[in-house]
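K.L.:
Have a look at this one.
The values are calculated or read from the model by the stated rules, or taken from the named source; none is laboratory data. As the structure is a computational prediction, the values presented were derived from the model and not from experiment. Cβ placement follows ideal geometry from the backbone for every residue including glycine, while neighbour counts extend to all protein chains displayed. Heavy atoms of the whole protein, side chains included, go into the accessibility calculation; ligands, DNA and RNA do not. Shrake-Rupley method; radii C 1.70, N 1.55, O 1.52, S 1.80 Å.
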Amino acid sequence: NFKFFRQRVGLPQSSEIAVDSPFDYQENVRIYIPAHFPLPQHPEFLNAAVDEAIALIDATCGGTFILCTSYRMLNELSTEITRRTSKPVWVQGKGPKNLLLEEFTECGDGVLLGTMSFWQGVDVPGSALHLVIIDKLPFASPDDPLVAARNDYLSEQGQSSFRLFQIPQAALLLRQGFGRLLRRQSDRGAVAIFDRRIQTKGYGKIFLRSLPDCPVIEQRDEIVRYLKDSSAPK
């Protein structure tokens, strides 16, 4: 619903309409949340994320976006993925954003890693983008001065900043990241989320409800088959 947006813009009441998407998510998209994956704070999370990403990239006949929640993850993932895949890799910060996107799209079978500026406003239709990988739920850093000020304001009002601000903001950004995949009605592919908090935490249900309704896969062999079948040249 529009409650979070209305609160942010100071609009207590309004007329609202939510228009259905033209995309067939049930048919054209799979969400992959790998089973038995270490949680983000676990020391083995990075190694597990690299192994999982390589398996998915190698199974895909098309481009892959890897959306990172921090520059640290961007640097660590890009270093290992560049070393372990034979596909061309583009990394945010290694050139102008528009040039990275242009070369990635023209390649049609590469890997592009980016942070928050690639989570929204990026349009790569067709087979040039067949897989989106999201490392973690995109919670805002509590060290950000603006985030800290909003948290403090809500806390001073006796309200939960985590429930009223951090969760809905992160859920909205997750949906925007998910939205990078389908840009045309003929597009197909998968969105992989490596953060099992979406299934193990109570607030994870809010994130899942924020995403379009499509089948969820938890086994690597199943998503690998799907990627190979759905991205194979017709």
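K.L.:
Could you list, in sequence order, the residues of region 195-234 that are farther than 18 Å from TYR25 by Cα and part of a loop (DSSP other than H, G, I, E, B)?
P.N.:
Correct list: ASP195, ARG196, LYS201, GLY202, TYR203, GLN219, ALA232, PRO233, LYS234.
K.L.:
So, one more: Quick check on LEU174: is it closer than 18 Å to PRO40 by Cβ and either open to solvent by 30 Å² or more (accessible area, probe 1.4 Å) or free of Cβ contacts under 8 Å to residues at least 60 places away in the same chain (or both)?
P.N.:
It is true that LEU174 is closer than 18 Å to PRO40 by Cβ and either open to solvent by 30 Å² or more (accessible area, probe 1.4 Å) or free of Cβ contacts under 8 Å to residues at least 60 places away in the same chain (or both).
K.L.:
Take the residues of region 131-169 that are free of Cβ contacts under 8 Å to residues at least 60 places away in the same chain and of a type in the set (Lys, Arg): which is farthest from ARG225 (Cα to Cα)?
P.N.:
The residue in question is ARG150.
Conditions tested, residue by residue: (1) farther than 25 Å from ALA140 by Cβ; (2) modelled with pLDDT of 95 or more; (3) not aromatic (Phe, Trp, Tyr).
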| site | (1), (2), (3) |
| --- | --- |
| SER15 | yes, no, yes |
| ILE33 | no, yes, yes |
| HIS36 | yes, no, yes |
| ASN47 | yes, yes, yes |
| ARG72 | no, no, yes |
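K.L.:
Could you check, for region 95-109, whether at least one of its residues is more than 22 Å from CYS61 (Cβ to Cβ), charged (D, E, K, R) and open to solvent by 10 Å² or more (accessible area, probe 1.4 Å)?
P.N.:
Scanning region 95-109, I find at least one residue that is more than 22 Å from CYS61 (Cβ to Cβ), charged (D, E, K, R) and open to solvent by 10 Å² or more (accessible area, probe 1.4 Å), so the answer is yes.
K.L.:
Restricting attention to strands (runs of 3 or more DSSP E) lying wholly within region 1-93, give those where 1 or more residues are in contact with a Lys or Arg (Cβ under 8 Å, 6 or more places away or on another chain), of a type outside the set (Ser, Thr, Tyr) and open to solvent by less than 70 Å² (accessible area, probe 1.4 Å).
P.N.:
The qualifying strands (runs of 3 or more DSSP E) are 29-32, 64-67.
K.L.:
Among the residues of region 158-185, write down those that are among the polar types (S, T, N, Q), closer than 19 Å to GLN120 by Cα and in a loop (DSSP other than H, G, I, E, B).
P.N.:
Answer for region 158-185, where residues must be among the polar types (S, T, N, Q), closer than 19 Å to GLN120 by Cα and in a loop (DSSP other than H, G, I, E, B): just GLN185.
K.L.:
Closer than 25 Å to PHE23 by Cα and in contact (Cβ under 8 Å) with a residue 60 or more places away in the chain: does that describe LEU208?
P.N.:
Numbers: closer than 25 Å to PHE23 by Cα: yes; in contact (Cβ under 8 Å) with a residue 60 or more places away in the chain: no.
Judged against the criteria, LEU208 is not a match.
K.L.:
Would you tally the residues in region 116-135 being surrounded by fewer than 17 Cβ atoms within 10 Å (Cβ to Cβ) and not in a helix (DSSP H, G or I)?
P.N.:
Final tally of qualifying residues: 4.
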